[in-house]
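Let me begin by presenting the structure, written as structure tokens, before commenting on it.
The values are calculated or read from the model by the stated rules, or taken from the named source; none is laboratory data. What you are looking at is a predicted structure, and each value in this text was computed from that prediction instead of being measured. Backbone-built Cβ (ideal geometry, glycine too); neighbour counts: all protein chains shown.
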Amino acid sequence: MTKIELKERERIDDLQRNGLKIIQKTDGFCFGMDAVLLSGFARVRAGERALDLGTGTGILPLLLSAKTEGKHFTGIEIQQDIAGMAARSVALNGLEGKIEIINGDIKEAGRLFGAASFDVVTANPPYMNTDHGLKNPYEPKAIARHEILCTFEDVARETAKVLRPGGRMYLVHRPHRLIEIIETMKRFRLEPKRMKFVHPYADKDANMVLIEAVRGGGAWLKVEEPIIVYREPGVYTDEIYEIYGY
């Protein structure tokens, strides 16, 4: 493993998967369960190339490189310091030949990468639109959570550009925006094919939804068994332990 010098207010966390580690801010936005769940839901087959839109710390390319047989993974991140940190995490794990981090704008993905250049696109986009109150709209945490620098329409449009025909998109989002999400996907010919709801407890409403869509696919949707996160307070279900790799 390459030795990497940490910057101020950075730490190295163990991902508990294939010896992988990740650099994160001690006082900044860190990856959450939504990214880990998406890494368990997404399928990248042998020889395929995948793009992660808004990769942040690079958590999805790192986890997918360990969990799947994908050939190459690219992450694009607009915040320069965060993109640099993700690139150092790639180097820390010696994965420069398999993962590339690009400092760029999701809204320019089609121009940056070219049409039909990926087999898979993953996205864990900001969940909240600008109607929700913001203390500081330019803080990294706000950018990660709110549609400040891109909207879901931007994500869907650019996904449709860079995906090959028949290519797959994997998304994690919030159920309260599900109608808007599906309508937007279909407008860009991204046909939802698989859907899985995530519930914090068996008796609680879903607070996340995982969706697989196919570019140019036919109208057919399978709603899979839901994921239950906690068996009881502080105790994950067996499925969550399996997804995390414990």
Could you tell me which residue of segment 25-42 is farthest from Val198 (Cα to Cα), considering only residues that are touching a strand residue (DSSP E or B) at 6+ places or on another chain (Cβ under 7 Å) and at pLDDT 95 or above?
Ala42
Being exposed (fewer than 15 other Cβ atoms within 10 Å of the Cβ) and part of a loop (DSSP other than H, G, I, E, B) is the filter here, so list the residues in segment 228-243 that pass it.
Pro233, Gly234
Out of segment 147-180, which residues are in contact (Cβ under 8 Å) with a residue 12 or more places away in the chain, farther than 24 Å from Thr74 by Cα and either part of a helix (DSSP H, G or I) or touching an Asp or Glu at 6+ places or on another chain (Cβ under 6 Å) (or both)?
Pro175, Arg177, Leu178, Glu180
What is the one condition in (1) under 26 Å from Leu63 (Cα atoms); (2) surrounded by 16 or more Cβ atoms within 10 Å (Cβ to Cβ); (3) hydrophobic (A, V, I, L, M, F, W, C) that Val223 does not satisfy?
(2)
What pairs come up if the first residue lies in segment 221-238 and is free of Cβ contacts under 8 Å to residues at least 24 places away in the same chain, the second is surrounded by 14 or more Cβ atoms within 10 Å (Cβ to Cβ) and assigned to a loop (DSSP other than H, G, I, E, B), and their beta carbons are under 7 Å apart, counting only those six or more places apart or on different chains?
Arg231/Thr237; Tyr236/Val229; Thr237/Val229
Quick check on Ala109: is it within 16 Å of the chain's Cα centre (by Cα) and in a helix (DSSP H, G or I)?
yes
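Rundown of residues vs (1) of a type in the set (A, V, I, L, M, F, W, C); (2) touching a Leu at 6+ places or on another chain (Cβ under 9 Å), yes/no style:
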| site | (1), (2) |
| --- | --- |
| Lys7 | no, no |
| Arg11 | no, no |
| Ser39 | no, yes |
| Ala42 | yes, yes |
| Thr57 | no, no |
| Ala66 | yes, yes |
| Ile82 | yes, no |
| Val90 | yes, yes |
| Gly94 | no, no |
For segment 102-115, state whether one or more residues are small (Gly, Ala, Ser) and in contact (Cβ under 8 Å) with a residue 60 or more places away in the chain.
no
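Does Lys204 satisfy the criteria of being at negative phi and in contact with an Asp or Glu (Cβ under 6 Å, 6 or more places away or on another chain)? Please lay out each step first, then the result.
Details: at negative phi: yes; in contact with an Asp or Glu (Cβ under 6 Å, 6 or more places away or on another chain): no.
Considered against the rule, which asks whether it is at negative phi and in contact with an Asp or Glu (Cβ under 6 Å, 6 or more places away or on another chain), Lys204 comes out as no.
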Whether any residue in segment 47-65 is among the small types (Gly, Ala, Ser), over 22 Å from Ile23 (Cβ atoms) and at pLDDT 95 or above is what I want to check.
yes
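Rundown of residues vs (1) at pLDDT 95 or above; (2) in contact with a Lys or Arg (Cβ under 6 Å, 6 or more places away or on another chain), yes/no style:
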| position | (1), (2) |
| --- | --- |
| Met169 | yes, no |
| Glu183 | yes, no |
| Asp205 | yes, no |
| Glu212 | yes, yes |
| Tyr241 | no, no |
| Tyr244 | no, no |
Grab the strands (runs of 3 or more DSSP E) fully contained in segment 13-96, keeping just those with 2 or more residues being in contact (Cβ under 8 Å) with a residue 40 or more places away in the chain and basic (Lys, Arg).
21-25
Where residues in segment 215-227 are under 20 Å from Phe197 (Cα atoms) and part of a loop (DSSP other than H, G, I, E, B), which of them is modelled with the lowest pLDDT?
Ala219
Segment 180-205, residues that are in contact with a Pro (Cβ under 9 Å, 6 or more places away or on another chain), under 25 Å from Gly32 (Cα atoms) and of a type in the set (Lys, Arg)
Lys196
Residue identified as among the basic types (Lys, Arg) and crowded, with 19+ Cβ neighbours inside 10 Å among Arg177, Arg194, Arg168
Arg168
